[in-house]
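Down below is the structure, laid out as structure tokens.
The values are calculated or read from the model by the stated rules, or taken from the named source; none is laboratory data. Note that the coordinates shown come from a computational prediction; the quantities given were computed from them, not determined experimentally. Every residue, glycine among them, receives a Cβ derived from its backbone with ideal geometry; neighbour counts consider all protein chains shown. To get the accessible areas, we keep the full protein, side chains included, count just its heavy atoms, and leave off ligands, DNA and RNA. Shrake-Rupley method; radii C 1.70, N 1.55, O 1.52, S 1.80 Å.
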Amino acid sequence: MASAVSKTPMLRAAAARGFAAQAKAASAGCGSGEPQCSNLPNKLAVASAEPNAAVARVSIVYRAGSRNESGDNLGASHVLRAASGLSTKTATSFGIVRNLQQVGGSLTTTADRETVTYTVAVTKDHLETGLKYLEAAATGQVFKPWELADLTALIKTDLSRVPLEVRAVESLHKAAYHSGLGNSVFCPKYQVGKHSSETMQHYFEANCSASRAAVAAVGVDHQLLVGFAQSLNLGSGKGSDNKSSFNSSEVRHERGGNRAAVAVATQAAGWDNLKDCMAYIVLQHAAGTGPVTKRGGNNGALTKQLSGVNSSTLCSTYSDNGLFGFVVAGDAKAVGKAVEAGVKGLKSLNVSDEDVARGKAATLGWVVDYVENHSTLAFDLGEQAALLGQVYKKADMVAAINGVSTSDVQSVARKLASAKLAVGAVGNLNSVPYLCNLN
């Protein structure tokens, strides 16, 4: 029967291996809600938190996002995400869906520029079933040609649903980084249906290996999770992180209609510089991230200058790089003036003590809400473990935010005055100025 649970006591065996390896650590950390992180001999990172949560959420995270693609396989990470749940070495697509449905579980896959994450969520009494099919989906892909062909319609649907503002941000990344971080998280239209089984298998083996992976969980004992991680059959591919440097350029996609979206940014700090990174995030919230109430005003230090359009400050941070700027979208005739006003405001951005206090309060609220939601906490643990090899406790993050001073924020704001810009624009761009008129 499709709904029958495996007779192999995988969970018990994994737990035994984990506890045997670190029995003392298990007894010391039992019931602790603080994040824990271990690094196995094969360089696989294991992170966990909140072991007493009612629902177990377990993720396998690979450094296999779009920045790892080359010109020959652009869009592979999008296909990898879409292929989640297809037949594997040990389970059929029907078997994965039916067995997880029978225990009320779910399997989701997300992908961004740096990682691809497979997550299963089940109640604790069905954890063994959830881990079985998570392992099958995340480590046993076979990419059958006829199943990949069936993904074409799904990927085309994904592309048709991308909002104009997101397309502008994707164009901004292409302008700023060209390759690496400049690779879109969406498959290029000309590549849809072109990824062969061999291409996908090579991409998976190169990037989804033990040294480029992490296992993270909420609602699972850490030593039990270590045992599960030790049981995974992961390859030894080295992959490539495609280091990216910032470039001042623009990408414009002229289209008809009466709307336009434009993203403008300059280089910012990545997570490898935590102090400056936090200063940029506080500055983002001080500069304005949109109304906080329905039909409310956009009263940030920067966004209040951008009237007549939808606007938000942009802060995209990655493991080794970042972008800071703004996004505007609306009527094509108004967007051009908003871009000019936004660039002028960005280069002369000045924040007061009150602005910084408001930015820190908003950042604290965002961080605390993020880590206290078990779904987002599991994702965040996996990202940190895979990209940084460690995880930050909530108290550490709160302390880092509280440690940001007005002078720190003003220091990064002053850098914007002389910084070179990158621009991504999509839509009716008749009134949108070119980069040479903005720098």
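With the checklist (1) surrounded by fewer than 24 Cβ atoms within 10 Å (Cβ to Cβ); (2) in a loop (DSSP other than H, G, I, E, B); (3) of a type outside the set (Phe, Trp, Tyr) in hand, flag the one item residue 195 doesn't pass.
The number of the failed condition is (1).
Look through the stretch 372-399, keep the residues that are in a helix (DSSP H, G or I), open to solvent by 30 Å² or more (accessible area, probe 1.4 Å) and in contact with a helix residue (DSSP H, G or I) (Cβ under 7 Å, 6 or more places away or on another chain), and return whichever of them is farthest from residue 215 (Cα to Cα).
Of everything passing the filter in the stretch 372-399, 398 is farthest from residue 215 (Cα to Cα).
Does residue 369 count as of a type in the set (Asp, Glu), open to solvent by 10 Å² or more (accessible area, probe 1.4 Å), out of contact with any Leu (no Cβ under 9 Å at 6 or more places or on another chain) and under 30 Å from residue 46 (Cβ atoms)? Lay out the reasoning, then the answer.
On the way: of a type in the set (Asp, Glu): yes; open to solvent by 10 Å² or more (accessible area, probe 1.4 Å): yes; out of contact with any Leu (no Cβ under 9 Å at 6 or more places or on another chain): yes; under 30 Å from residue 46 (Cβ atoms): yes.
Here the answer is yes, as residue 369 does meet what is asked.
Just need a number here: residues in the stretch 137-147 that are under 24 Å from the mean Cα position of the chain (by Cα), in a helix (DSSP H, G or I) and within 10 Å of residue 86 (Cα to Cα).
1
Could you tell me how many of the residues in the stretch 91-123 are open to solvent by 30 Å² or more (accessible area, probe 1.4 Å), more than 30 Å from residue 242 (Cα to Cα) and not in a helix (DSSP H, G or I)?
4
Within the stretch 124-171, take every residue that is touching a helix residue (DSSP H, G or I) at 6+ places or on another chain (Cβ under 9 Å) and β-branched (Val, Ile, Thr) and give me the one that is nearest to residue 325 (Cα to Cα).
162
Which of the residues spanning the stretch 271-303 are open to solvent by less than 50 Å² (accessible area, probe 1.4 Å), β-branched (Val, Ile, Thr) and free of Cβ contacts under 8 Å to residues at least 40 places away in the same chain?
Selection gives 303 alone.
How many residues, within the stretch 52-70, are surrounded by fewer than 17 Cβ atoms within 10 Å (Cβ to Cβ) and under 22 Å from the mean Cα position of the chain (by Cα)?
The qualifying residues number 1.
Can you confirm whether residue 414 is assigned to a helix (DSSP H, G or I), out of contact with any strand residue (DSSP E or B) (no Cβ under 6 Å at 6 or more places or on another chain), open to solvent by 20 Å² or more (accessible area, probe 1.4 Å) and touching a residue at least 60 places away in the same chain (Cβ under 8 Å)? Show your work before the answer.
Numbers: assigned to a helix (DSSP H, G or I): yes; out of contact with any strand residue (DSSP E or B) (no Cβ under 6 Å at 6 or more places or on another chain): yes; open to solvent by 20 Å² or more (accessible area, probe 1.4 Å): yes; touching a residue at least 60 places away in the same chain (Cβ under 8 Å): no.
It is false that residue 414 is assigned to a helix (DSSP H, G or I), out of contact with any strand residue (DSSP E or B) (no Cβ under 6 Å at 6 or more places or on another chain), open to solvent by 20 Å² or more (accessible area, probe 1.4 Å) and touching a residue at least 60 places away in the same chain (Cβ under 8 Å).
Given the structure, is residue 309 over 24 Å from residue 400 (Cβ atoms), open to solvent by less than 20 Å² (accessible area, probe 1.4 Å) and among the aliphatic types (A, V, I, L, M)?
Taking the combined requirement at face value, the residue does not satisfy it.
Of all residues in the stretch 199-233, which are open to solvent by 40 Å² or more (accessible area, probe 1.4 Å) and under 30 Å from residue 145 (Cβ atoms)?
199, 201, 202, 205, 233, listed by residue number.
Specify which of the listed residues (184, 171) is within 23 Å of the chain's Cα centre (by Cα) and not in a helix (DSSP H, G or I).
Of the residues listed, the single one that is within 23 Å of the chain's Cα centre (by Cα) and not in a helix (DSSP H, G or I) is 184.
Take the conditions at pLDDT 95 or above and either crowded, with 16+ Cβ neighbours inside 10 Å or in contact with a strand residue (DSSP E or B) (Cβ under 6 Å, 6 or more places away or on another chain) (or both) and apply them to residue 236. Does it pass?
Spelling it out, it is not the case that residue 236 is at pLDDT 95 or above and either crowded, with 16+ Cβ neighbours inside 10 Å or in contact with a strand residue (DSSP E or B) (Cβ under 6 Å, 6 or more places away or on another chain) (or both).
Let me confirm something: among 49, 76, which residue is open to solvent by less than 20 Å² (accessible area, probe 1.4 Å) and either in contact with a Gly (Cβ under 6 Å, 6 or more places away or on another chain) or modelled with pLDDT of 95 or more (or both)?
Going through 49, 76 in turn, the sole match is 76.
Consider residue 337 carefully, then state whether it is surrounded by fewer than 19 Cβ atoms within 10 Å (Cβ to Cβ) and either assigned to a helix (DSSP H, G or I) or in contact with a strand residue (DSSP E or B) (Cβ under 7 Å, 6 or more places away or on another chain) (or both).
The answer is yes for residue 337.
Yes or no: residue 184 under 30 Å from residue 45 (Cβ atoms) and at pLDDT below 95?
Criteria not met by residue 184.
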